[in-house]
Amino acid sequence: MSDKEVILTQDGLKKLEDELENLKSVKRREVAERIKVAIGYGDISENSEYEDAKNEQAFIEGRIITLEKMLRNARIINNDDINTDVVNVGNTVIVEDLEYGDTMEYTIVGTAESDPLNNKISNESPVGKAIIGKAKGSVVDVNVPAGVIQYKIVDIKK
């Protein structure tokens, strides 16, 4: 991961800090104990328990490094900085699909927080890119694999 700026909301910052704390204080100890137990089984050259624990340890250490870098390069979007004039990171936006009339509500977040299943979309996603900087009432074209979808921005909220 490069030293790219990571845009986070207050909630996103808290989630990353909590995950980092859990990895450092709980998961590290758990995997160290697993390694210790696996070594107790004898020959580690053919010990799948040991190999599995070492792989998990490598994953945890890699994730810790990634999280620390993300937090170091974080730009936090405070609720006070969020306005509802135009769409930006931190806003909740209601859009209407002009072809089918369906409405969807999305919260615009940075890529580190995106969770499409919970309607949190990245500012770098196709929909996010199309609506960032647009005002209520604007019609935008969103390029998706199936073609182009037209959305109308119905409302912008904090």
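The values are calculated or read from the model by the stated rules, or taken from the named source; none is laboratory data. From a predicted model like this one, the values you see are computed outputs, not experimental measurements. Cβ coordinates were reconstructed from backbone atoms using ideal geometry, including for glycine residues, and neighbour counts include every protein chain displayed. Calculation scope for accessible area: heavy atoms of the full protein, side chains included, ligands and nucleic acids excluded. Shrake-Rupley method; radii C 1.70, N 1.55, O 1.52, S 1.80 Å.
Quick look at the numbers
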quantity	calculated
Relative contact order for segment 1-93, counting Cα pairs under 8 Å that sit 6 or more residues apart, in percent	44
Residue-normalised accessible area of the chain, expressed per residue, 1.4 Å probe, Å²	62
Share of carbon and sulfur in the accessible heavy-atom surface of the chain [1.4 Å probe, %]	47
Phi-based couplings in Hz for segment 91-103 (Karplus 6.51, -1.76, 1.60; Gly and Pro marked x)	7, 9, 10, 9, 10, 10, 6, 5, 7, 9, x, 6, 10
Distant-in-sequence amide H partners of V109 (H built 1.01 Å from N, under 5 Å)	G90, I121, S122, N123
For V154, distant residues with modelled amide H under 5 Å away	I94, V95, E96, G137
Tilt relative to the chain, helix 48-72 - C-alpha long axis, 0 to 90 degrees, to 10	40
Under Karplus coefficients 6.51, -1.76 and 1.60, residue-wise ³J(HN,Hα) of segment 138-153 in Hz, glycine/proline x	5, 10, 10, 9, 10, 7, 10, x, 7, x, 10, 10, 9, 10, 10, 7
FRET efficiency for F59 and K129, using Cβ-Cβ distance with R0 set to 30 Å, rounded to 0.05	0.45
Given [x] 21.4, 69; [y] 19.1, 58; [z] 14.3, 44, the label whose value is Rg and Dmax of the Cα atoms in Å derived from this model	[x]
E5 versus N78: modelled label distance in nm, points set 7 Å from Cα along the beta carbon direction	1.7
Label-point separation, E30 to D52 (7 Å along Cα→Cβ), nm	1.4
The chain: calculated mean residue ellipticity at 222 nm from DSSP helix runs of at least 4, using -39500 (n - 2.57)	-11500 deg cm²/dmol
Label-to-label distance, nm, for residues given as V154 and K14 (7 Å Cα→Cβ offset)	2.8
